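Engineer: This is the structure I want to talk about, given as structure tokens.
The values are calculated or read from the model by the stated rules, or taken from the named source; none is laboratory data. Predicted, not measured: the structure shown is a model, and the values here were computed from it. A quick note on method: Cβ atoms are made from the backbone with ideal geometry, for glycine too, and the neighbour counts reach across all protein chains shown. Side chains included, ligands, DNA and RNA excluded: accessible areas come from the protein's heavy atoms. Shrake-Rupley method; radii C 1.70, N 1.55, O 1.52, S 1.80 Å.
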Amino acid sequence: GRAAADAALSDATSFKTAGSVALRKGKLEVAATQYMEGRTCAAKLAPMWYLNGRFAARGVALQVACLNNAAIVHLKAKDWEKAIDASERVLDLRTAADVSGKAEVLGRAKALFRRAVAEAKLGRLAAAKEGLLEAHALLPDDSEVTGMLRVLHHAEQHRQARGGGGGGGDDDEGDGGARVDDAGVRAALDPSVGSQPGTFRKYAPPPPPTPAAAPEAAAPPPKAADPVAAGAATAAA
């Protein structure tokens, strides 16, 4: 009975490794395929009710790793919808009860962050912020999560200052100046690089226009020659 389970874990690990190799070489389509094959193999353990909880949880952990890595690939490929789909599959998984919660928290936080990056790229700032707040509750010290929250906070403040309304919502009709700022947020976010889930640059509102320089004062007209002084100079010569 363990032979099928061992084979599923071995195949899932091999596909995951192959996906990572392809990702490092920049072969994004191949990497995504390998990760999803690994996820499929790991999912074969789910109906094996006779396995103990810890062994079965290894299959869930491999699914989480493969799906989270696939989300990285889709972010790098700028395929935002597929990145959201892969991340949400992670959030739908539940690990066995006797597994340490640390790995589960980390995997869930990564999925929430990567989904938020994709949501922000699509202009769905309200959904992105909601996911980021949940990730922040799981990992309050994570610099990438707090950094992206800061980006969205600055964008929301800038939109309100420009009269675009509050809320940081999606691109709905009648959102005033929100579209310009949402584009600024999307430009401030970069797809992930390597094994990191994402990077961010500091968001800053555009600088105020430079005032026009004051016109230079006109030079005073030359003084007329003094005829008395001119005559005295001629006499001296």
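Engineer: Restricting attention to region 41-60, does a residue exist that is open to solvent by 40 Å² or more (accessible area, probe 1.4 Å), assigned to a helix (DSSP H, G or I) and at pLDDT 90 or above? It would help to see each step written out before you state the result.
Structural biologist: From region 41-60, those open to solvent by 40 Å² or more (accessible area, probe 1.4 Å) are 44, 46-47, 49-50, 52, 54, 58; that's our starting set.
The next check asks that each one be assigned to a helix (DSSP H, G or I); those that pass are 54, 58.
Now drop any that are not at pLDDT 90 or above, which leaves none.
No: region 41-60 contains no residue that is open to solvent by 40 Å² or more (accessible area, probe 1.4 Å), assigned to a helix (DSSP H, G or I) and at pLDDT 90 or above.
Engineer: Is it true that R89 is in contact with a Cys (Cβ under 8 Å, 6 or more places away or on another chain) and either among the polar types (S, T, N, Q) or open to solvent by 50 Å² or more (accessible area, probe 1.4 Å) (or both)? Break it down into steps so the answer makes sense when it comes.
Structural biologist: On the way: in contact with a Cys (Cβ under 8 Å, 6 or more places away or on another chain): no; either among the polar types (S, T, N, Q) or open to solvent by 50 Å² or more (accessible area, probe 1.4 Å) (or both): yes.
So R89 does not fit the description; no.
Engineer: Could you list, in sequence order, all residues of region 71-86 that are open to solvent by less than 10 Å² (accessible area, probe 1.4 Å) and in contact (Cβ under 8 Å) with a residue 40 or more places away in the chain?
Structural biologist: A71, I72, V73, L75, listed by residue number.
Engineer: Going through region 101-130 one residue at a time, which ones are basic (K, R) and within 13 Å of the chain's Cα centre (by Cα)?
Structural biologist: K110, R114, R115, K121, R124, K129 - these are the residues of region 101-130 that are basic (K, R) and within 13 Å of the chain's Cα centre (by Cα).
Engineer: Can you tell me which residue among E119, E29, E104 is open to solvent by 70 Å² or more (accessible area, probe 1.4 Å) and at pLDDT 90 or above?
Structural biologist: Among E119, E29, E104, only E29 is open to solvent by 70 Å² or more (accessible area, probe 1.4 Å) and at pLDDT 90 or above.
Engineer: Spot the failing condition for N68; the list is (1) crowded, with 17+ Cβ neighbours inside 10 Å; (2) assigned to a loop (DSSP other than H, G, I, E, B), and only one is missed.
Structural biologist: With (1) crowded, with 17+ Cβ neighbours inside 10 Å; (2) assigned to a loop (DSSP other than H, G, I, E, B) applied to N68, the lone miss is (2).
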